[in-house]
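Visitor: Got a structure here, written out as structure tokens. Questions coming.
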Amino acid sequence: MNNFNLAQLPPRSEKPRKNGLTMVMDKGLSVGEVKNFLSAAHPYVDMVKLGFGTSIVTPNLREKIEAYQSYDIPVYFGGTLFEAFLIRNQFEDYIKMCKEYNIHYMEVSDGSITIPHAEKCGYIEKLTKIGTVLSEVGSKDATHIIPPYIWIKLMKAELEAGSTFVIAEAREAGNVGIYRGTGEVREGLVQEILTEIPGDRIIWEAPKKEQQLYFLQLLGCNANFGNIASNELIALETMRIGLRGDTFHLYLNKEMK
């Protein structure tokens, strides 16, 4: 939605989007903060992740989830919580919890624990029977460097197992996985992944502006982003359409530059 007409804006996809998605990371907003946030930004929020294990200690959790769902925004629990249930042999309890809170999106990850990949794909297959699965590829351990051909192999297998999207790991700090410790994009890795995996099936965790800029320049305004802070969402949307200094000239005709 735009409040007034301005020529030469790129064509943003519209909700419900299949690409150009923005996943917001909620690390502990109150119900009131959620309502205020959505009043300003709901047209640009495609899904919300209740980060890592925050759900277990968040007061008024059901009311908070319902606030997001009242705007038809899918909510899901962070992959770290999935792993916490799994390592305690409580996979069935995880499923019950999702049903109890009317959660239809689920993240399957193995960033904190080691899961044999065939077993991980088995969890993806089971969960696709009850909802939409997002699976995260990459380790939260900065010393664990995964070569590109392994990233591609894992992503392909997880998509074949039923994941709707694969998430390229970066953590909320944007300093592991597809990024170096400095936050710099591992460009060779990203570009090699894109030779084999469709870009519209990948959600790039990109909490930093410089990371978002890289993917907008590489993939255009409808790149899929994850781990976006709620207070950065409107700023990201303006960057997507060339109304922030970093992308101001991306979509202008040559004679206007």
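Read the figures in this text as sums done on the coordinates, not as results from a lab. Quick caveat, the model's predicted, so the values are computed rather than measured. Positions of Cβ are backbone-derived with ideal geometry, glycine not excepted, and every protein chain shown enters the neighbour counts.
Visitor: Do you know which residues across region 98-129 are part of a helix (DSSP H, G or I) and not charged (D, E, K, R)? Working first, answer last.
Guide: Applying the first criterion (part of a helix (DSSP H, G or I)) to region 98-129 yields 98-100, 117-127.
If the condition is that a residue be part of a helix (DSSP H, G or I) and not charged (D, E, K, R), then 98, 117, 118, 121, 122, 123, 124, 127 are the ones that fit.
Visitor: Please verify whether region 91-103 includes one or more residues that are surrounded by 20 or more Cβ atoms within 10 Å (Cβ to Cβ) and either in contact (Cβ under 8 Å) with a residue 40 or more places away in the chain or among the charged types (D, E, K, R) (or both).
Guide: Scanning region 91-103 turns up no residue that is surrounded by 20 or more Cβ atoms within 10 Å (Cβ to Cβ) and either in contact (Cβ under 8 Å) with a residue 40 or more places away in the chain or among the charged types (D, E, K, R) (or both).
Visitor: Would you check which residues across region 63-90 are loosely packed, with under 13 Cβ neighbours inside 10 Å and among the polar types (S, T, N, Q) and list them?
Guide: Matches in region 63-90: 70, 89.
Visitor: Got at least one residue in region 206-227 being within 19 Å of residue 49 (Cα to Cα), without any contact (Cβ under 8 Å) to a residue 60 or more places away in the chain and in contact with a Phe, Trp or Tyr (Cβ under 7 Å, 6 or more places away or on another chain)?
Guide: Yes, the conditions are met somewhere in region 206-227.
Visitor: Continuing with this model, one more query. Among the residues of region 210-231, count how many are surrounded by 16 or more Cβ atoms within 10 Å (Cβ to Cβ) and either in a helix (DSSP H, G or I) or of a type in the set (Phe, Trp, Tyr) (or both).
Guide: First, pick out the residues of region 210-231 that are surrounded by 16 or more Cβ atoms within 10 Å (Cβ to Cβ): 211-216, 219-228, 230.
Okay, now just the ones that are also either in a helix (DSSP H, G or I) or of a type in the set (Phe, Trp, Tyr) (or both), so 211-216, 219, 225, 230.
Final tally of qualifying residues: 9.
Visitor: Considering only residues of region 1-49 that are among the hydroxyl-bearing types (Ser, Thr, Tyr) and part of a helix (DSSP H, G or I), which is surrounded by the most Cβ atoms within 10 Å (Cβ to Cβ)?
Guide: 44
Visitor: Consider region 182-224. How many of its residues are more than 23 Å from residue 145 (Cβ to Cβ) and among the hydrophobic types (A, V, I, L, M, F, W, C)?
Guide: Count: 5.
Visitor: Same structure again: Starting from residues that are surrounded by fewer than 17 Cβ atoms within 10 Å (Cβ to Cβ) and of a type in the set (A, V, I, L, M, F, W, C), keep the ones in region 116-137 and report whichever is farthest from residue 165 (Cα to Cα).
Guide: 118
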